[in-house]
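Report on the structure given below.
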Amino acid sequence: MVLINRATHRDIVPGVHLLPGQGNSVALETAKGVVLFDAGPGGGLTANMIATLQTITPKPVSHIVYSHGHLGYNYGVGDWCRSMAERGFARPVLVAHRRVRARYARYQEAEGLQQLLNSLQFRMNVPKPKPEWLVMPDIGFEDRLVIDGGDRTIELLAAPSETDDVVAAWLPSERFLYGSAAVIRSLPNVGTPLRTLRDPMRWASTLDRLHALRPKVLLAEFGGPLFEPQDVEDALVLPAAGLRWLRQETVRLMNEGLGVEDIVARIRPPAALFDHPFMRPVYGCVDYIVRDIWRSENGWWDRNPTTLHPAPRLQVEADLQSLLGSAADVQHVVARAQALAEGGQIQKALHVIDLVAQLPEDTPMHSQVMDFKADLLDRRALQLSSVVSRNLYRSMAEQLRGLPHGSTRDNDPTHGMTMA
């Protein structure tokens, strides 16, 4: 999985260690104890993090900092607290941006929705977030919080980006920066299809502020540390420049009166900027970002007057069935979709097959149509680099086949995607 880090790095700078967790969990040693970024998802992964840290240092964990409020990153807080108690140490102080509390409350309110969205995106049966997993922080700060470790000062910096509650860590004496979810070494995942609006200009401004620190060593949310000056520079500057280019171009085309679908089709990102390894569309992609920029300036309507006050879906299905309900009609549409697919035009084939895929279940060839559409979704996933897009296509293919989300993951072709 993209989110899981299996590597351990000791002494990235003296006393700063990367633990194997969900994303990069960072342990920062001080004279007063260890300041830990993210407790992990609990269970075996967090247990391994705890055991790994004990092989590095006997010091207790004095603080657990939430890098951001997304589900899973800190389900393991209780495990760390119990481990400290068993060793005779005080409970760690839990620190986060103040907006984490509101995010956790929202997740608890919409627990069923969160379960569905995460199951689709990550292709597994993700459980509902239990109240005991969402441990509220003891301290919530707004812009900056300094932890005095005695021999080391750790500055916690608000870094709104992927979420509004991201926290980065800055060690001024070592010029070490943990960029947290603000720095992901790929195209920023703005516009993820199942998530709320993410502000690309906010993310770009955060990267500017982090770049202004002039770090010598940079650790992103995923992957190993960066030591080369050019790598550090590129990881902070290029994503901000790319987001600003997309904003400028999208707004230009909006000002010309284009709708979102036309803008997505017209955007041509410059290769000199977007072909860099740190700008790979691994999680986010250009289409997603353009759509979020559109959403930031427009309402929900796609400007097709038919969709402004649409008829109930079942009524439309009945009329379609009267037009395309015979076996011959359905076979004609399927044959055209098959021809497109054989020519490699999988996305166009999906649009064509949808003419009959939305017909009622008693329509001739309905099950064959659903199976064919599921096959097209699996094939379309092979054409895409974004892990989110691939997972969503495959999750919906499973749904069409009546299978649980993630049940066919072991059959997926491997795509050598790595954030290392």
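The values are calculated or read from the model by the stated rules, or taken from the named source; none is laboratory data. Predicted model, so just to flag it, every value in this text is computed and none were measured. Note that we place each Cβ from the backbone using ideal geometry, even for glycine, and neighbour counts take in every protein chain shown. The protein model used for the area step is the full one, side chains on, heavy atoms only, and it has no ligands, DNA or RNA in it. Shrake-Rupley method; radii C 1.70, N 1.55, O 1.52, S 1.80 Å.
Some values worked out for this structure:
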read-out: Listed peptides 171-184, 302-315, 247-260, 203-216 by packing density, highest first (mean Cβ within 10 Å); value: 171-184, 203-216, 247-260, 302-315
read-out: Cα convex hull of the stretch 303-381, projected area averaged across orientations, nm²; value: 5.8
read-out: Rounded accessible area per residue of the chain, 1.4 Å, Å²; value: 45
read-out: The stretch 20-87: C-alpha gyration tensor shape, a/c 1.5 cut-off, then a/b vs b/c; value: prolate
read-out: Sequence-distant aspartates and glutamates (8 or more away, or on other chains) whose Cα lies within less than 18 Å of residue 216; value: 11, 155, 174, 208, 228, 231, 233, 234
read-out: For residue 61, distant residues with modelled amide H under 5 Å away; value: 34
read-out: Per residue, the convex hull volume that the Cα atoms of the stretch 167-292 enclose (Å³); value: 101
read-out: Sequence of 201, 136 from largest to smallest accessible area, 1.4 Å probe; value: 136, 201
read-out: Segments 34-41, 7-14, 45-52, 282-289 sorted - mean Cβ within 10 Å per residue, highest first; value: 34-41, 282-289, 45-52, 7-14
read-out: Contact order normalised by residue count of the chain, Cα under 8 Å, 6+ apart, percent; value: 12
read-out: Vicinal HN-Hα couplings computed from phi for the stretch 44-49 (Karplus, 6.51 cos²θ - 1.76 cosθ + 1.60; Hz; Gly/Pro x); value: x, 5, 5, 4, 5, 4
read-out: Estimated distance in nm for a label pair at residue 141 and residue 230, the labels positioned 7 Å out from Cα along Cα-to-Cβ; value: 3.6
read-out: Distance (nanometres) between label positions extended 7 Å along Cα→Cβ at residue 248 and residue 208; value: 1.3
read-out: Radius 12 Å from Cβ of residue 102, net charge of other residues (Lys, Arg +1; Asp, Glu -1); value: +2
read-out: DSSP bridge orientation in the chain - percent antiparallel, rounded to nearest 5; value: 65
read-out: Shape call, the stretch 277-420: gyration tensor on alpha carbons, a/c limit 1.5; value: oblate
read-out: Radius of gyration and maximum dimension Dmax of the stretch 1-158, Cα, Å; value: 15.4, 46
read-out: Radius of gyration and maximum dimension Dmax of the chain, Cα, Å; value: 23.9, 79
read-out: Lysines whose Cα lies under 28 Å from that of residue 373, excluding same-chain neighbours fewer than 8 positions away; value: 348
read-out: Positive-end extreme of charge dipole, the chain - chosen from 363, 267, 156 (charges on Cβ); value: 156
read-out: Whole-Hz couplings from phi, Karplus 6.51/-1.76/1.60, listed for the stretch 214-226; x for Gly and Pro; value: 6, x, 8, 10, 10, 10, 8, 5, 10, x, x, x, 10
read-out: Degrees separating the helix 229-255 axis from the principal Cα axis of the chain, which is the longest one; value: 40
read-out: Nonlocal amide H pairs with residue 138, under 5 Å, H built at 1.01 Å; value: 94, 95
read-out: In sequence order, calculated HN-Hα J values of the stretch 107-120 (Karplus, 6.51, -1.76, 1.60; Hz; x Gly/Pro); value: 5, 5, 5, 10, 4, x, 5, 4, 4, 5, 4, 6, 5, 5
read-out: Tilt relative to the chain, helix 200-211 - C-alpha long axis, 0 to 90 degrees, to 10; value: 30
read-out: Relative contact order (%) - the stretch 312-420, alpha-carbon pairs under 8 angstrom, separation at least six; value: 20
read-out: Long-range Cα-Cα pairs in the stretch 144-197 (distance over 14 Å), rounded percent; value: 58
